[in-house]
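See structure below.
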Amino acid sequence: MDDEYAKLIRRVNQPRVVIDNNACEDATVIQVDSVNKHGILLEVVQVLTDMNLTIRKAYIASDGGWFMDVFNVVDNDGNKIRDKEIIDYIQRRIETSAGFVPSQRGSVGVMPSEEHTSIELAGTDRPGLLSEVCAVLADLRCNVVNAEIWTHNTRAAAVVHVTDDSTGCAITDPKRLLMIKDLLCNVLKGNDDLKTAKTMLSAPGVMHRERRLHQIMFADRDYERVEKTGVRAVEERSSKPQVNLLNIEKDYTVITMRAKDRPKLLFDIICTLTDMQYVVFHGMVNTTRMDANQEFYIRHVDGLPISSEAERVRVIQCLEAAIERRASEGLELELCTEDRLGLLSDITRIFRENSLCIKRALISTKGGKAKDTFYVTDMTGNPVDPKIIDSICRQIGRSALQVKHNRSSLAPKPPHQETTMSYLFGNLFKARTFQNFKLIRSYS
């Protein structure tokens, strides 16, 4: 009865979204008002990040039964959102997502589809792993239509969408699916995987790939640190995000974070907190040219703040991992060419033969064209020799493979380190006010 009553309240009180280009000089202001429910903040942030909008500032308030968030956003070029069709689309997407009541707890947005088969992979990262996975899929006549691959802390995870090369549709034969699963699992295990490699074939459908990757890596405990020594250890410590926790009057646990700003940073953090069953009651996000400062007042879904040292350490480790997983490490290479069966296998084989290590990859196809992005280093994690890149470009074709950015050389020096207490109490009361925002309407 309680669940049905909650659904009735949400249907009666539909989400209200107001998008204003006059409230702020340099950003579009999006205000969302809705009945509160667990996960609604993630759903709204997910819509904004899926639209490739950059969140410059945010104010979050969800005490009681009502949810009110304000976001200052810009497009990829740093401009306001002016296109009327895009504004209307954002409004519809947020209203639909915020008003949606999941039928299953912990669902990841699975919807019926016959377009592709989704394969989820997790295992120990090693040089050439993606090449081996792609070779197996090509031999099995599986065409990779899109995929995303993350590596972090010696672990690797991937969500890969494939079709049957002969039909262009999802693979449905149970025997063939079992063969794909077994062969991929053998590749992931390697020779000395101390952790269990995982291969899962989901039912044909569509899921939010990036959220699923966070869940896979979290389940694989990639947040457990692997101690490094020497120069690499010093570099990692200097670039490590600052995450601090403090309990206030036994009501909330306050999280303060400072990290290098990048696209989708807020989504990664809120995704992790939500999947760990924490609720954000108040929050403030503020970005500068280089860094992002974030502050959240949280409790567990049971209504209690963090109460033990072990839990505190685990939350810090998980948030650090969430920030680091998508950090673009190394040289960015972009491949644009005609798609064909085995293309990804051939490209990753060339990378492997030239001693490149793929740290992250985004694979997509549209209209018979492949557009893939790879972030690569050498086998030791250092920048790639330009001569090797030049040789690879000649092999693949200079018109097909382009060098975009070298993230290692562009990375800024770490920001000045403030103490936890000075940063926290410098923003403590700001989180409860609207000083940094011009709200579209006031509430009594």
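Summary table
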{"read-out": "Residue check for Glu338: under 30 Å from Ala400 (Cα atoms) and open to solvent by 60 Å² or more (accessible area, probe 1.4 Å)", "value": "yes"}
{"read-out": "Hey, Ala327 within 20 Å of Ala157 (Cα to Cα), surrounded by 18 or more Cβ atoms within 10 Å (Cβ to Cβ) and under 23 Å from the mean Cα position of the chain (by Cα) or not", "value": "yes"}
{"read-out": "Among (1) open to solvent by 40 Å² or more (accessible area, probe 1.4 Å); (2) closer than 19 Å to Phe296 by Cβ - the single one Phe71 does not satisfy", "value": "(1)"}
{"read-out": "Cβ-Cβ under 7 Å pairs, at least 6 apart or on other chains, the stretch 209-220 side under 14 Å from Leu42 (Cα atoms), far side part of a helix (DSSP H, G or I) and small (Gly, Ala, Ser)", "value": "His214/Ala322"}
{"read-out": "Residue, nearest to Ile323 (Cα to Cα), within the stretch 249-271, restricted to residues that are open to solvent by 10 Å² or more (accessible area, probe 1.4 Å) and without any contact (Cβ under 8 Å) to a residue 60 or more places away in the chain", "value": "Asp261"}
{"read-out": "Complete set of residues in the stretch 272-323 that are within 15 Å of Asn36 (Cβ to Cβ) and without any contact (Cβ under 8 Å) to a residue 12 or more places away in the chain", "value": "Gly303"}
{"read-out": "Hits in the stretch 308-324 (condition: over 15 Å from Met217 (Cβ atoms) and open to solvent by less than 40 Å² (accessible area, probe 1.4 Å))", "value": "Val315, Ile316"}
{"read-out": "The one condition in (1) more than 30 Å from Tyr278 (Cβ to Cβ); (2) surrounded by 20 or more Cβ atoms within 10 Å (Cβ to Cβ) that Ser355 fails to fulfil", "value": "(2)"}
{"read-out": "Selected residue [modelled with pLDDT under 90 and either within 22 Å of the chain's Cα centre (by Cα) or of a type outside the set (Gly, Ala, Ser) (or both)] from His116, His152", "value": "His116"}
{"read-out": "Only listed residue being at pLDDT 95 or above and either under 22 Å from the mean Cα position of the chain (by Cα) or in a strand (DSSP E or B) (or both), chosen from Leu335, Leu344", "value": "Leu335"}
{"read-out": "Qualifying residue in the stretch 5-19 (condition: buried (at least 17 other Cβ atoms within 10 Å of the Cβ), of a type in the set (A, V, I, L, M, F, W, C) and at pLDDT below 95)", "value": "yes"}
{"read-out": "Any hit, the stretch 74-96, residues being modelled with pLDDT of 80 or more, in a strand (DSSP E or B) and more than 30 Å from Thr167 (Cα to Cα)", "value": "yes"}
{"read-out": "Residue match in the stretch 365-384 (condition: farther than 22 Å from Cys134 by Cα and either of a type in the set (D, E, K, R) or surrounded by 17 or more Cβ atoms within 10 Å (Cβ to Cβ) (or both))", "value": "yes"}
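The rows are residues; the columns are (1) under 19 Å from Arg360 (Cα atoms); (2) in contact with a strand residue (DSSP E or B) (Cβ under 9 Å, 6 or more places away or on another chain); (3) not assigned by the TED database to the domain that holds Gly368.
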| site | (1), (2), (3) |
| --- | --- |
| Glu148 | yes, yes, no |
| Asp164 | no, yes, no |
| Cys169 | no, yes, no |
| Lys175 | no, no, no |
| Leu178 | no, yes, no |
| Lys181 | no, yes, no |
| Lys198 | yes, yes, no |
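The values are calculated or read from the model by the stated rules, or taken from the named source; none is laboratory data. Fair warning: this is a prediction, and the values are worked out from it, not measured in the lab. Backbone-built Cβ (ideal geometry, glycine too); neighbour counts: all protein chains shown. The protein model used for the area step is the full one, side chains on, heavy atoms only, and it has no ligands, DNA or RNA in it. Shrake-Rupley method; radii C 1.70, N 1.55, O 1.52, S 1.80 Å.
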